[in-house]
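Okay, structure first, notes after.
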Amino acid sequence: MMFPNKEIVDRIRKQYPKGTRVELISMNDPYSTLKPGDQGTVDFVDDTATIFVNWDNGSMLGIVYGEDFTKILR
């Protein structure tokens, strides 16, 4: 797995600041209980551009850059 470069990480951090509300589009994790349409609040973005979310259902799984997809709720 290749990690995103610093410019991508910085862009994701600006796009998903702490407190941003998101909705899951898809997750490539067969063991996750999350499903498309689940919503949560961004906690932070790490150095691999993984977006860590406090999901409304209690999960704290991250959105992995290039593997999982979410959209910002306005």
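Quick notes on this structure:
- Considering residues of region 44-60 that are crowded, with 20+ Cβ neighbours inside 10 Å and touching a strand residue (DSSP E or B) at 6+ places or on another chain (Cβ under 8 Å) only, the residue farthest from K6 (Cα to Cα): V53
- Output for region 24-43, where each listed residue is assigned to a strand (DSSP E or B) and either surrounded by 14 or more Cβ atoms within 10 Å (Cβ to Cβ) or in contact (Cβ under 8 Å) with a residue 60 or more places away in the chain (or both): L24, Q39, G40, T41, V42, D43
- Residue match in region 9-20 (condition: surrounded by 15 or more Cβ atoms within 10 Å (Cβ to Cβ) and under 10 Å from the mean Cα position of the chain (by Cα)): yes
- If you go through region 48-66 and keep only what is part of a loop (DSSP other than H, G, I, E, B) and free of Cβ contacts under 8 Å to residues at least 40 places away in the same chain, you end up with T50, D56, N57, G58, S59, M60, L61, V64.
- Leading residue by the ranking (nearest to T20 (Cα to Cα)) among those in region 40-71 that are of a type in the set (S, T, N, Q) and over 8 Å from the mean Cα position of the chain (by Cα): T41
Taken together, the values in this text are just the output of simple stated rules run on the coordinates, not laboratory data. On a predicted model such as this, the values are computed, not experimentally measured, just so you know. Note that each Cβ is placed from the backbone with ideal geometry, even for glycine, and that neighbours are counted across all protein chains shown.
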